[in-house]
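Notes follow the structure.
Read-outs: derived from the displayed coordinates by stated rules, not from any lab. Remember, predicted model here, so these are calculated numbers, not experimental data. Positions of Cβ are backbone-derived with ideal geometry, glycine not excepted, and every protein chain shown enters the neighbour counts.
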Amino acid sequence: MLKIAVLASGGGTNLQAIIDGINNNTIINTEISVVISNNSGAYALTRAKENRIDARCVSPKEFLSREAFNQALLETINLYNVDLIVLAGFLVKIPEAMVHQYSHRIINIHPSLIPAFCGVGFYGLRVHEAVLEKGVKVTGATVHFVDEGMDTGEIILQQPVMIEDGDTAQILQKRVMEQAEWVILPKAINMIAKENN
Ligand code: GAR
């Protein structure tokens with residue numbers, strides 16, 4: 001059984017795609033041990049509770065320094081002995097100590113075709129605004145391993161999505177989620193679960 005921790009900062013639709021994938025068996029031999037958010041108001045925490053999954057908040061606001069927050073985050077994850085950490089819209093830079101301890105065992109979903117529209121400052125809606133500003137015709141999403149850099153780790157899966165006339169950043173974000181993120185994140189977890197078997 002692949003035990004995973006899902007880290008999310010916001011709505012948690014990618015978390016929901018993972019929960020659904022486990023429930024409908026498109027993700028095999030996997031269990032979500034805990035959902036962790038940096039944001040106490042994250043709807044992802046509600047989704048976790050609704051599905052009887054441990055939900056924890058580790059907020060930087062509760063700590064005097066970034067180091068103390070980083071340590072608390074790592075200690076919280078370590079409590080669960082997970083095999084894989086899944087960043088599903090987790091908008092916090094992963095501390096180096098965590099990257100080292102969980103080398104090749106942290107994956108992230110990013111809403112563009114890396115290496116385009118990624119790195120510092122590229123997250124959420126901002127990615128899609130930049131895509132539209134640039135006038136590119138194809139975008140998509142990427143699942144990759146997390147290393148010490150920002151969106152620089154080894155790519156696992158990518159899925160392209162076409163830009164359409166009249167797209168706004170919101171419309172494009174929704175299409176990228178539906179056609180790419182919610183497809184390739186569960187798929188990548190299933191691939192890792194199969195290898196783990
Ligand atoms: C998703 O679009 C995810 O790709 C993005 O945040 C959103 C979270 O949505 N992540 C990044 O931009 C990371 N750089 P969700 O909470 O509904 O899953």
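At-a-glance table
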{"read-out": "Residue check, residue 111 of a type outside the set (A, V, I, L, M), more than 16 Å from the ligand (Cβ to nearest atom) and surrounded by 14 or more Cβ atoms within 10 Å (Cβ to Cβ)", "value": "no"}
{"read-out": "Selection count, segment 37-89, where residues are among the charged types (D, E, K, R) and not in a helix (DSSP H, G or I)", "value": "4"}
{"read-out": "Extreme residue, farthest from the chain's Cα centre (by Cα), among residues of segment 114-139 that are more than 10 Å from the ligand (Cβ to nearest atom) and crowded, with 22+ Cβ neighbours inside 10 Å", "value": "131"}
{"read-out": "From the options 64, 7, 15, residue that is farther than 20 Å from residue 193 by Cα and either within 16 Å of the ligand (Cβ to nearest atom) or free of Cβ contacts under 8 Å to residues at least 40 places away in the same chain (or both)", "value": "64"}
{"read-out": "Conditions (1) in contact with a helix residue (DSSP H, G or I) (Cβ under 8 Å, 6 or more places away or on another chain); (2) surrounded by 16 or more Cβ atoms within 10 Å (Cβ to Cβ); (3) not in a loop (DSSP other than H, G, I, E, B); number of the one not met by residue 97", "value": "(2)"}
{"read-out": "Segment 43-54: number of residues that are under 18 Å from residue 80 (Cβ atoms) and within 14 Å of the ligand (Cβ to nearest atom)", "value": "4"}
